[in-house]
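The values are calculated or read from the model by the stated rules, or taken from the named source; none is laboratory data. Every value quoted in this text rests on a predicted model; they were computed, and no experiment measured them. Cβ sites come from the backbone with ideal geometry, for glycine too, and all protein chains shown count toward neighbours. Calculation scope for accessible area: heavy atoms of the full protein, side chains included, ligands and nucleic acids excluded. Shrake-Rupley method; radii C 1.70, N 1.55, O 1.52, S 1.80 Å.
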Amino acid sequence: MKKVLVLLVIIAAGVAGWFLGRGGKVAQEAGGARKIAFYQSPMHPWIKSDKPGNCTICGMTLTPVYEGEKGFDVAGNMVTLSSNAINVINVQTELAEKRPLERTLEVAGRMEANPTQSRVLSAYIDGRIEKLFVNFNGAEVKAGEPLAIIYSPGLLTAQRELLTALAQTNLASSPQLAHEHQRIIEGASQRLRRLGLSEEQVEEIKKSGAATNFTTQIVAPISGTVIKRDVFEGQYVKEGDRMFELIDLSQMWFVFDVYEQDLPAVLLGQTVEVTSGALPGKKFEGPITFIEPTLNEATRSARVRVELQNPVIDGRRQLYNGLFASGRIQSRTDAVLTVSRSAVIEPGDAPRVYIDKGEGAFEQRVVKLGRRSGDRIEILEGVEVGEKVVVNGSLLIDSQAQLNLAVAGSPAPHDDSTHQHAPVTNDQQQAAVDVKAADLEPFFKVVHELGQALASDDVKTYNERAANLPVPSIPRIAALAAELKKEPAAALDAARVEFLPLSQAVAETAQTLRKRGEEIPVKIYKCPMFPRPGKDAFWVQATGPLRNPFYGSEMLECGTEVK
């Protein structure tokens, strides 16, 4: 009986073991069906590999990510390159640091006479020019020197009016009349002074009691240069007629225009060094005394004025009125955060730089720019002091980022929002850098034919070309090409939507090759209307003219070539 029980236990154990083994085998087979897509660092998710290993930054063991899994999130602004790729594109970096912005602003302008030191002399009274002391333009005169003598009978009449007022002594009998009498005398004297007589001449008339002076002198009110003489000896003039124009040229204005983007470098009181081709070897310096507060709408510039002393050397003024000249303005700011201009990419939407995060990882940063000076540019936001900024190779890194974005963000056929593209690994990025334009020439040719078929509204030819589409050596484009070949497009609109992701990626690759200096066998075009206005769609053509594959006959010539 015991033997039977033992035998039953053994049989039961065997059956249980068989079931357990069978279940384990099934579980193992089920587990074996899962395929590892890539390995990824959980601490530094941009570090990926096709093989197991350790993170090159922190040393942690890379975690397997299976097909169908998203993996760890990677910032969309991160680009990773292998060490070979970094050497190929010659990536160079520098530290973002604070330093003063020094700038030399070159300006061009002209000399102008100081209008506040200009005088126009007119005739005080009707009469005749009896004598001229200045007979030519350009004569230098001093304040108080006579310029001309004018004869006028009206002057004699004014003298007699003064003498008549003085002779009315009977008006002094009462205080009120005496005051009025004095006022009349003062008025007559004032009129003589206004007619050009000096105070001494008026007093002489009062003392002598004789009105014999028929002439008056026109004297220079300031020291300067006679730039206009409008009268001649013997000429009759009326009151108010223009006779002379004088200007003091001992001080000149250097006037120039400054464009609005350069105005922050121009400050009141700054010293400007002025030179002119008409005066070789000579330099003049003066302060900025005025900056016009309004901009010229046509030129978007403001006028700036510098005051310069104009010495007399060898008997003549050095600076001529109207002389063209050049100026140099040296400006220096306080220490601000700056980077090299070559580090900043300005595509028109938002300026950006790339930060070296180490181990082949580069982070894209959108920055806010400030002032510019020579080869430096101020960074207001987006970069911290001490960060390593890419100054050489940033354009190629940016092209790689755009290619990654095209793969990760391009819409799938039929706008299937649930479709997931394969992650871009280091090997895939390396392929994009190492590929040659000559290797892609057959592939470019077929892509050109696909686009031309769509431009002709020919979905049948498009499907035939798509079925024979070669697979290039760039994994990200190969994946898009493979999707395109899976099944023919059912309609023309669907074909155009399916063609967009591949077309975008191919155009970006062509642009990368072009920026790298290679001769590409295609032209690059863009349409600003597909899939909606304001959203650019790119494509390539082996030859012109432009034929839009996304609209065909509806808008065949819509688009522009990307240079």
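Structure values in brief
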| item | result |
| --- | --- |
| Filter on K357/K515; K48/K436; K98/K515 - keep pairs with C-alpha separation over 28 Å | K98/K515 |
| Prolate/oblate/rounded call for the range 453-541, Cα gyration tensor, a/c under 1.5 rounded | oblate |
| Spin-label model distance (nm) - V336 vs S456, 7 Å beyond Cα toward Cβ | 5.8 nm |
| In the range 297-381, trypsin sites (Lys or Arg not before Pro) in a DSSP loop with at most 11 other beta-carbon atoms within 10 Å | R300 |
| The range 52-147: trypsin sites (Lys or Arg not before Pro) falling in loop per DSSP and having at most 11 other Cβ within 10 Å | K70, K142 |
| Residues with amide H under 5 Å from that of M60, placed H, sequence gap 5 or more | C55 |
| The range 178-243: trypsin sites (Lys or Arg not before Pro) in DSSP loop, at most 12 other beta carbons within 10 Å | K238 |
| Added length on full extension, which subtracts the Cα-Cα distance from 0.36 nm per residue, A478 to I185 | 94.4 nm |
| Length added when fully stretched, L556-E140, from 0.36 nm per residue minus Cα-Cα | 142.2 nm |
| 17 Å reach of a label modelled at V312, 7 Å along Cα-to-Cβ, counting backbone N of the range 248-266 | 248-252 |
| From phi via Karplus (6.51, -1.76, 1.60), per-residue ³J(HN,Hα) for the range 468-481 in Hz, x at Gly/Pro | 9, 5, x, 9, x, 7, 8, x, 5, 6, 4, 5, 5, 5 |
| Accessible area, probe 1.4 Å, largest first, for residues F444, F284 | F284, F444 |
| Distance in nm between pseudo-label sites at Q261 and T543 (7 Å out along the Cβ direction from Cα) | 4.1 nm |
| Lysines whose Cα lies under 21 Å from that of K206, excluding same-chain neighbours fewer than 8 positions away | none |
| Distance from the range 176-196 to the range 328-389 (C-alpha centre basis), Å | 77 Å |
| Packing-based ranking, highest mean first, of 275-281, 471-477 given that Cβ atoms within 10 Å are counted | 471-477, 275-281 |
| Two-site label geometry, T104 and R194: point separation in nm, points 7 Å out along Cα→Cβ | 5.9 nm |
| Solvent-accessible surface ranking, highest first, for D230, D398 at 1.4 angstrom | D230, D398 |
| Extended-chain gain in nm, criterion 0.36 nm per residue less alpha-carbon gap, K35 and S250 | 68.4 nm |
| Förster radius 30 Å - calculated FRET efficiency between Y151 and I222 (Cβ-Cβ, nearest 0.05) | 0.75 |
